[in-house]
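Asks: Take this structure first; my questions come after.
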Amino acid sequence: MAPALTGVASEYERMKQYGNVPRGTVRPFPGFNTEADCKVIRKAMKGIGTDEKAIIAVVGSRSNMQRQEIRNQFQTMYKKDLIRELESETSGNFRDALIALFSPPIYYDAWSLFKATEGVGTKEGVLIEILFTRTNQEIRAIAQMYKSEFHRDLERDIANDTSGHFKRLLVSACQGNRNELNDAMWQRVTSSGPESVVDRARAQQDAHALLQAGEARWGTDESCFNEIMSVRNYFQLRATFEEYAKIAARNIMSTVEREFSGDIKEGLLAIVKVAQCRPLYFAERLYHAMRGAGTNDSALIRVLVSRCEVDLADIKRCYAEKYHTTLAAAVQSETSGDYRTLLLALVGRD
């Protein structure tokens, strides 16, 4: 029997199992016919009443790119804006989910961030979820979309609505400058394993720096945590967390829980969780969106819509393993009506 893998190697095996290859639940529809889909949606909204089931049958089984084609073709065929038609013919959470599904992903992220910083109070959880889970390229595109669509600067809005070390952590994320693996490095990972792209000496150095900045001193040097957590790629962070556990007699999650509080704690914990297993992070987000009295429908819609073509199949598996029930069962229990039917179409079969 082969020895059990440990440390970064085991994390790599887990990454291959959860999210190394995109495993969404929604894929491009074979035999896609834009005109036929437009006719179905038009008929479903024409006259008295709306045939929600017909709309769900189309929207819930098309990729985002296909939905954009439907939206454009609908305008061409009927000289009507499909989004405005849906807003007029539907309502509530069902309407919100439909509009989200017809939004390009970068626009939807930019819009979500805008809503999170708009008006009184800031929805810090939305900022954390988006800025700490998107790639550098995506973050830069989101910032550009934010400026072009809302005529505001994303970094400035976040800086104005947050404070202290949490603000610095978010502003760092807004730059889209985290070290990421290039194609050659990914090829080395595939052929030689994760240690081929890990600087073990740097991981040990960073682990000692984190220990000295937290557990080994009176007070906490937040800037040290910010620097390391904001810059290193996720393979490197996993190696750092492994080295940290060797010298600190506790894992990095425990240290962050002990040394920080409030929004900065939540931000750092999110980075750690995403580095260790991104689908599990989103499984936890979904669980908390549906936990207790009332459902955080905006969070539920945002995660399911944004991940259904990326890694929702992996998120479902993580959800079942951690919470001993299926994601579909949770959605079935916490939602109702056409809204529930649409979300279940995204989640797919167990």
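The values are calculated or read from the model by the stated rules, or taken from the named source; none is laboratory data. Quantities reported herein were computed from a predicted structural model and do not represent experimental measurements. Positions of Cβ are backbone-derived with ideal geometry, glycine not excepted, and every protein chain shown enters the neighbour counts. Note: accessible area is taken over every heavy atom of the protein model, side chains too, but ligands, DNA and RNA are not part of it. Shrake-Rupley method; radii C 1.70, N 1.55, O 1.52, S 1.80 Å.
Asks: Suppose the filter is modelled with pLDDT of 95 or more, under 23 Å from the mean Cα position of the chain (by Cα), more than 24 Å from Met229 (Cα to Cα) and among the aliphatic types (A, V, I, L, M); does Ala141 pass it?
Replies: When the stated conditions are applied, Ala141 does not pass them.
Asks: Those residues that are more than 15 Å from Lys46 (Cα to Cα) and surrounded by 16 or more Cβ atoms within 10 Å (Cβ to Cβ), I need them from segment 77-103; list them, please.
Replies: Hits for segment 77-103 are Asn93, Phe94, Arg95, Asp96, Ala97, Leu98, Ile99, Ala100, Leu101, Phe102, Ser103.
Asks: Between residues in segment 310-323 that are within 15 Å of Arg27 (Cα to Cα) and in a loop (DSSP other than H, G, I, E, B) and residues that are open to solvent by 40 Å² or more (accessible area, probe 1.4 Å) and charged (D, E, K, R), which pairs lie under 7 Å by C-beta distance while being six or more apart or on different chains?
Replies: Between residues of segment 310-323 that are within 15 Å of Arg27 (Cα to Cα) and in a loop (DSSP other than H, G, I, E, B) and residues that are open to solvent by 40 Å² or more (accessible area, probe 1.4 Å) and charged (D, E, K, R), the close pairs are Asp311/Arg23; Asp311/Arg278.
Asks: Further question on the same structure: Which of the following residues is modelled with pLDDT of 95 or more, aliphatic (A, V, I, L, M), closer than 26 Å to Ser103 by Cβ and in contact with a Ser or Thr (Cβ under 6 Å, 6 or more places away or on another chain): Leu312, Leu300?
Replies: When all the criteria are applied, what remains is Leu312.
Asks: Only one of Ala299, Ala245 is part of a helix (DSSP H, G or I) and buried (at least 18 other Cβ atoms within 10 Å of the Cβ); which?
Replies: Values: Ala245 fails: buried (at least 18 other Cβ atoms within 10 Å of the Cβ).
None of the others qualify; the one that does is Ala299.
Asks: Then there's this: Just checking: which of the helices (runs of 4 or more DSSP H) contained wholly in segment 47-117 hold 3 or more residues that are of a type in the set (D, E, K, R)?
Replies: The helices (runs of 4 or more DSSP H) meeting that bar are 64-78, 82-89.
Asks: Name the residue that is modelled with the highest pLDDT, counting only residues in segment 167-190 that are open to solvent by 90 Å² or more (accessible area, probe 1.4 Å) and in a helix (DSSP H, G or I).
Replies: Checked segment 167-190; the qualifying residue modelled with the highest pLDDT is Arg168.
Asks: Taking His208, is it farther than 30 Å from Gln144 by Cβ, touching a residue at least 12 places away in the same chain (Cβ under 8 Å) and assigned to a helix (DSSP H, G or I)?
Replies: Working: farther than 30 Å from Gln144 by Cβ: yes; touching a residue at least 12 places away in the same chain (Cβ under 8 Å): yes; assigned to a helix (DSSP H, G or I): yes.
So His208 fits the description; yes.
Asks: Modelled with pLDDT under 95, over 27 Å from the mean Cα position of the chain (by Cα) and surrounded by 17 or more Cβ atoms within 10 Å (Cβ to Cβ): does that describe Gly214?
Replies: Here the answer is yes, as Gly214 does meet what is asked.
Asks: Given Arg152, Arg156, Arg250, which one is part of a loop (DSSP other than H, G, I, E, B), open to solvent by 40 Å² or more (accessible area, probe 1.4 Å) and modelled with pLDDT of 95 or more?
Replies: It is Arg152.
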